[in-house]
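Below is one structure; the comments refer to it alone.
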Amino acid sequence: MEQSSARSRAAWPVPLILALLVISAIFLVFREGESPSPASEPEKKAPVAEKVDLTSLPASSTKTTIKAAPRDPRPNKVPKGTVVHPKRTVALYDAPDGTPFAKIAAKQFGDTWLPVITRNRDWVQVLLPSKPNGSTGWIRSKELEEAHSRFLVKVHLGARTLQLFEDNREVGTWTVAIGAPDTPTPTGRTFVLGHITDDKQPFSPVILPLGNHSDTLDSYGGGPGTVALHGWTDPAVFGKAVSHGCVRVPDDALELLRTIPTGTPVLVDKA
């Protein structure tokens with residue numbers, strides 16, 4: 001029987017044997033080069049957010065200077081009105097999935113609301129209240145409460161006017177007083193950081209501190225040189241460059257401005 005089998009193998013034509021060898025080689029190469037089955041692939045785990053030691057980070061507030069903060073890339077662009085509120089003290093990053101450089105608390109002059117200027121996946125870039133002017137930071141969206149401000153304030157330094165818009169409709173335009181030549185009102189986009197009501201204030205019962213600061217004064221009146229929108233007792237100042245950087249507005253403008261929500265964008269230009 002074995003001999004018969006041997007004779008049968010010997011009788012196979014040479015071309016057929018060569019063809020079988022080639023097919024076998026191709027099959028082996030294919031097996032070696034094919035991708036592993038899904039079952040043999042290592043399981044891919046979702047990235048885990050790195051825990052940040054908030055105690056080691058400086059706080060962004062109107063009283064602090066954080067030089068590591070990224071600068072506003074488009075300081076003259078009108079934000080869309082999206083504002084966010086940190087649910088708790090959260091880290092600020094220099095880029096999405098980047099390096100934490102500071103933190104921001106849930107409260108400043110009340111609840112902290114910051115205007116969003118850019119989105120990137122599950123991150124938002126916001127304007128900050130700390131120096132230098134135009135400081136920004138990135139925050140994870142899941143750590144924020146989101147809302148929308150229907151309002152926009154524009155201050156035109158050349159014309160010395162303030163415009164208030166609601167839902168892209170102009171509510172009013174007023175002649176205002178702006179910073180003097182030695183203490184100019186800083187340009188760029190900022191926001192309403194808070195509302196301070198104090199009937200004992202001699203010049204304005206309502207003050208709206210903004211997220212920017214004087215470029216020439218490190219402090220003023222015991223504060224850190226924060227720029228604000230506020231009233232004034234003498235209407236003769238309106239239309240003049242006489243303030244220490246703040247924007248002084250008439251009483252009827254102040255009555256409307258006091259109703260706009262914290263986080264509302266404010267755009268200051270040279271027009």
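Output the residues belonging to segment 95-115 that are closer than 20 Å to Asp72 by Cβ and part of a strand (DSSP E or B).
Taking segment 95-115 as the starting set, the residues that turn out to be closer than 20 Å to Asp72 by Cβ are 95-96, 98-104, 108, 112-115.
The answer is Pro100, Phe101, Ala102, Lys103, Ile104, Leu114, Pro115.
Of the residues in segment 211-219, at least one is modelled with pLDDT under 95, aliphatic (A, V, I, L, M), over 24 Å from the mean Cα position of the chain (by Cα) and not assigned by TED's automatic domain parsing to the domain that holds Asn76.
No other residue among Pro184, Pro132 is of a type outside the set (Phe, Trp, Tyr), in the same structural domain as Val227 (by TED's automatic domain parsing) and closer than 29 Å to Ser219 by Cβ apart from Pro184.
Picking from residues in segment 204-232 that are in a loop (DSSP other than H, G, I, E, B) and touching a His at 6+ places or on another chain (Cβ under 7 Å), the one that is farthest from Asn133 (Cα to Cα) is Ser204.
For Pro261, the test of being farther than 19 Å from Thr62 by Cβ and surrounded by fewer than 18 Cβ atoms within 10 Å (Cβ to Cβ) is failed. Contact map, segment 83-107: residues that are farther than 16 Å from Thr262 by Cβ paired with residues that are part of a strand (DSSP E or B) and of a type in the set (Gly, Ala, Ser), Cβ distance under 7 Å, separation 6+ or inter-chain. Pairs shown: Leu92/Ala102; Leu92/Gly137; Tyr93/Gly137; Pro100/Ala91; Ala102/Ala59; Ala102/Gly137; Lys103/Ala59; Lys103/Ala91.
The values are calculated or read from the model by the stated rules, or taken from the named source; none is laboratory data. Source: prediction; values computed, not measured. Cβ atoms come from the backbone with ideal geometry, glycine included; neighbour counts cover every protein chain shown.
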